[in-house]
Amino acid sequence: MSITKTLISNFNKVRQRTESICAPLEKEDYAIQPTEDVSPPKWHLGHTTWFFEQFILVQYVEDYQVFNKEFSFIFNSYYEKLGERILRTDRGNLSRPTVDEVYAYRKYVDKIMEQHLPALSCDEIESILTIGLNHEEQHQELLITDIKYILGHNPLLPSYGYFKAHLPIEENEEWVQMKRGQYDIGFRGDTFCFDNELNPHTVFIEEYAIRNTLVSNQEYLAFVENGGYQKFDLWHSEGWDWVQKNENKSPMYWHKLNGKWNHYTLEGLQELDLNAPVTHINYFEAFAFAQWAGHRLPTEFEWEAANQQFKWGQCWEWTESAYLPYPGYKKPDGALGEYNGKFMVNQKVLRGASVATSPSHSRSTYRNFFQPHLRWQYTGIRLAK
């Protein structure tokens, strides 16, 4: 079976969208890495290109000539089986290759992919191409949040340009009552999903209630002004250490100026919208707020079982679940087996999607995951009890 025209069309759309995200940037923005977890936009452009070059062109196109032999060293992220790579913290030191060279790399790989994809006839290649497209869509969201971090930590707080804002919470707050019983969890279907959404299984959940609305900025502001960041008994020990060490007193991007709360957005500094969902908080903050409110965070199974009863997609929602494999999970063979399984430790699961999530790249079984202290993603809170 040859690669379908639809898949080739999707390849072009995904590749173009990545570059459109970078279009508002100045060249000086492309190489900055203000913290370890944020990668420079230039690196994202190169890494997502390296993925297709390494896993498809090098493996399946006869006599393929790599664009630059050094690029595998600098654009490999964490694939141990594919050779040595630079330290993650060194990505911001890549003044070379230039931005123009990286875009030339993308053009080179895209051209050869377009030339050869119609002639390739292998289910394995189609599977790798599909993974590659979903991989790049993940990096599109990271690009947006990394760009926000880069610009949001520039002392001038410059604007990136237009970006869709969070919608105000309009629904009346209600608690969705869920019955005690068995619920089906995990991906069921014949379309794409990541391996961490497999194997579908049944879980038993006790009776619980989950809120139909996200926690708003107004609610979280009450927590801040009530001294939530000064009350050690609301926090996990590690979370309290994080508060003390970093002297945190509010969510990322909040700024109190002349007695009024503002927050940095991709459109620049704006007055805090009290009706919008709170975002850019970590698991420690989400847990502490839930404690203060007299409730708790849902487990990922509770969230999935109830997801049709509320609107989601504004921000990734912290759960009380550790990122663990589902029953019967087995890592795929080869380098692609390093994609998810190796990270199943010391991370919390988030469910839903965010305003930065790529189109058609969200589903109720999707399992996002981050370490508890991280908060540069669009992350928020839904309460349970």
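The values are calculated or read from the model by the stated rules, or taken from the named source; none is laboratory data. None of the values given here were measured: they were computed from a predicted structure. Don't worry about glycine lacking a Cβ; one is built from the backbone with ideal geometry, like all the others, and counts go over all protein chains shown.
Here are some notes:
- Only one of the listed residues (212, 217) is in contact (Cβ under 8 Å) with a residue 40 or more places away in the chain and surrounded by fewer than 20 Cβ atoms within 10 Å (Cβ to Cβ). That residue is 212.
- Region 45-67 residues that are in the same structural domain as residue 122 (by TED's automatic domain parsing), paired with ones that are among the small types (Gly, Ala, Ser) and in a loop (DSSP other than H, G, I, E, B) (beta carbon under 8 Å, 6 or more apart): 47/39; 47/77
- Condition met for residue 240 (over 30 Å from residue 161 (Cβ atoms) and outside any loop (DSSP other than H, G, I, E, B)): yes
- Residues satisfying the stated conditions in region 350-385, i.e. outside any loop (DSSP other than H, G, I, E, B) and of a type in the set (A, V, I, L, M): 350, 384
- Residues of region 172-190 that are within 28 Å of the chain's Cα centre (by Cα) and either under 20 Å from residue 325 (Cα atoms) or loosely packed, with under 11 Cβ neighbours inside 10 Å (or both): 183, 184, 185, 186, 187, 188, 189, 190.
- Scanning region 304-319 for residues that are without any contact (Cβ under 8 Å) to a residue 60 or more places away in the chain and either basic (Lys, Arg) or not in a loop (DSSP other than H, G, I, E, B) (or both) yields 307, 308, 319.
- Filtered residues of region 263-283 (kept if surrounded by fewer than 23 Cβ atoms within 10 Å (Cβ to Cβ) and outside any loop (DSSP other than H, G, I, E, B)): 263, 264, 265, 268, 269, 270, 271
- Flag for residue 39 being touching a residue at least 40 places away in the same chain (Cβ under 8 Å), among the hydroxyl-bearing types (Ser, Thr, Tyr) and part of a loop (DSSP other than H, G, I, E, B): yes
- Single condition residue 239 does not satisfy, out of (1) touching a helix residue (DSSP H, G or I) at 6+ places or on another chain (Cβ under 6 Å); (2) over 26 Å from residue 371 (Cβ atoms): (2)
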